[in-house]
Amino acid sequence: LKKHRYGAAIESFSIAVEINPTYIEAYKHRSQAYYKRGYEQQAAIDFKKAAALEQKNEPSTTVETDDWQTKSAPSWQCQHTLRGHTGTVSTLAMSRDGTLLVSGSFDKTLKVWHVKTGRLLKTLTGHYQKIYCTALSWDGKLIASGSADKRIKIWEVRTGKLLYSLGGLFSGHTDSVTGVAFSQDGHSLVSTSLDKTVRLWQLLSGKELVVCKKSSEPILLLSMSWNGCVFVYGGQDSLLRIRQVKTGKLIKSIKKERGSLLSIAIDGQGTSMATSRSKQITLSNFTNQETYRLEGYNDVVNSLAFNADGQRLVSGGQDGTVRLWNLSTQENTKTLVEHQSSVYAVVYSPIDNLIASGSADKTIKIWKEL
């Protein structure tokens, strides 16, 4: 803090208060570091925490406040910081009951976490290159993961056992797997790849059911609707494509703006879509083609996710922030700032106001609205 290395100071004091949640001086110093970096709301949270601890120890103590220290605290707070990955956390998936979180990393591992306690339950190893995508089956029993090693692996959640791999020398994807998603009935899986193809797999046999017509450019992203009826994918070409999950049939192609797609999400009803390119988030309605933009980022937007009713959106940015958006007012309602590097994955709990974010700082944070 004295050397003006405020990011490092925030990280150090965050570790300190995890070890000792009543460490008053750590809250005070982290409050100063937040304020110096311009994060006034987080500074206010820490100052109030320190003040509350002092009052608990010495009820008669009066704590002086500056103007920035009296600002109201946001309702979202970090409940857990999950550590264990040794590389960028690139992908997250949460179970439909909101109890389990799966993280994938450039360190080639998957980890399964208990959301409420933040406890690490299992570490899954088997990929030999960076993991780009992961998904949980609707019944929470299976995990799918895709990697730069061109393979899709299916794991059993209960035991952490690798059940089988999809693809091989003469079948499957021929380049990095960029997206995986289970069908609602759990019988099939959708995958996308830099090899420009979309594939539908039968999970019981491990066979390819459908290979969709090649795109003109690599496919970077895949998103499944919350109701499991449709999926959308896109990449560097000029189109977003929406297909049926059961058959792979093309429903609609949407011409997008120029520029590589960085993130995509579909709402719970499968009627609206959020996409990001560079610093811009665009919301689109499939029915009437109405679009609008969410403004506020000064850096690249890497990840997006809707909440269950489609009224909120969470985004993760290159600037290390996690932002909450009210879609009815199109306003950025909260900005969460505890990550120390770019945020590459965000996921919204299906059952309550809780989100998880994964970052290049190698941590995952669980945030809850209080």
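The values are calculated or read from the model by the stated rules, or taken from the named source; none is laboratory data. None of the values given here were measured: they were computed from a predicted structure. Note that we place each Cβ from the backbone using ideal geometry, even for glycine, and neighbour counts take in every protein chain shown. These area figures cover heavy atoms from the full protein model, side chains too; ligands, DNA and RNA do not enter into them. Shrake-Rupley method; radii C 1.70, N 1.55, O 1.52, S 1.80 Å.
As a fraction of the 1.4 Å probe accessible area of the chain, surface on carbon and sulfur atoms comes out at 48 percent.
Quick check on my link table: of Lys3/Lys56; Lys153/Lys249; Lys153/Lys246; Lys256/Lys368; Lys213/Lys246, which ones sit more than 27 Å apart, alpha carbon to alpha carbon?
Details: Lys3/Lys56 32 Å; Lys153/Lys249 25 Å; Lys153/Lys246 21 Å; Lys256/Lys368 34 Å; Lys213/Lys246 16 Å.
From the list (Lys3/Lys56; Lys153/Lys249; Lys153/Lys246; Lys256/Lys368; Lys213/Lys246), the Cα-Cα distance tops 27 Å for Lys3/Lys56; Lys256/Lys368.
Annotation: per residue accessible area for the chain equals 45 Å², rounded to a whole number [probe 1.4 Å, protein chains only].
Under 5 Å from the amide H of Leu163 lie the amide H atoms of Ile154, Trp155, Glu156, each residue being 5 or more positions distant or on a separate chain, with H modelled from the backbone and absent for Pro and chain starts. Karplus-derived 3J(HN,Hα) values for segment 135-141, using 6.51 cos²θ - 1.76 cosθ + 1.60 with θ = phi - 60°, are 8, 10, 5, 5, 8, x, 9 Hz; glycine and proline are entered as x.
Excluding same-chain neighbours fewer than eight residues apart, the aspartates and glutamates reachable from Lys255 by a Cα-Cα span under 12 Å are Asp237.
Place a label point 7 angstrom from the Cα of Val211 along the Cα-to-Cβ direction, then list the residues of segment 118-162 whose backbone nitrogen is under 16 Å away. It comes to 150-152, nothing else.
With both labels modelled 7 Å from their Cα along Cα-to-Cβ, the Lys161 to His4 distance reads 5.9 nm. With springs only between Cα atoms under 10 Å, which of Gly179, Gly316, Gly84 fluctuates most in a Gaussian network model of the chain? For the chain, modelled as a Gaussian network with Cα springs under 10 Å, the answer is Gly84.
Between Val89, Ser105, Ser145, the Cα set farthest toward the positive side of the dipole of the chain (charges on each charged residue's Cβ, about the Cα centre) is that of Ser145. Around the amide H of Leu221, modelled in the peptide plane, lie the amide H atoms of Gly234, all under 5 Å away and 5 or more residues distant in sequence or on another chain.
Against the criterion of solvent-accessible heavy-atom surface with a 1.4 angstrom probe, Leu313, Leu100 sort, most first, into Leu100, Leu313.
Applied to segment 167-182, the Karplus parametrisation 6.51 cos²θ - 1.76 cosθ + 1.60 on θ = phi - 60° returns per-residue 3J(HN,Hα) values of x, x, 5, 10, 8, x, 6, 10, 8, 3, 8, 9, x, 9, 7, 7 Hz, with x for Gly and Pro. Residues whose amide H falls under 5 Å from that of Lys122, counting only those 5 or more places apart or on a different chain, are Val112, with hydrogens built in the peptide plane. Residue by residue, segment 328-345 carries 3J(HN,Hα) couplings of 6, 9, 6, 10, 7, 7, 9, 10, 9, 10, 7, 5, 9, 7, 4, 9, 10, 8 Hz when phi is fed to the Karplus relation 6.51 cos²θ - 1.76 cosθ + 1.60 (θ = phi - 60°); x denotes Gly or Pro. For segment 228-370, the dipole from Cβ point charges (+1 on Lys and Arg, -1 on Asp and Glu) about the Cα centre works out to 600 debye, to the nearest 20.
For the chain, the relative contact order is 12 percent, taking Cα pairs closer than 8 Å that sit 6 or more residues apart in sequence and dividing their mean separation by the residue count.
Can you give me the span-like helices of the chain, meaning DSSP H runs with 18 Å or more of Cα extent along the axis and Kyte-Doolittle mean at or above 0.0? Don't skip to the end; give the middle numbers.
Details: long enough: 6-19 (20 Å, 1.11); 24-36 (19 Å, -1.47); 40-57 (26 Å, -0.89).
The qualifying helices are 6-19.
Our note on the geometry: Cα centres of segment 106-129 and segment 320-370, 20 Å apart.
Classify segment 255-370 from the C-alpha gyration tensor, please: rounded if a/c falls under 1.5, else prolate or oblate depending on whether a/b exceeds b/c. It comes out oblate by the Cα gyration axes.
With 27 Å as the limit on Cα-Cα distance, the pairs of Lys108/Lys161; Lys279/Lys334; Lys161/Lys214 that go past it are Lys161/Lys214.
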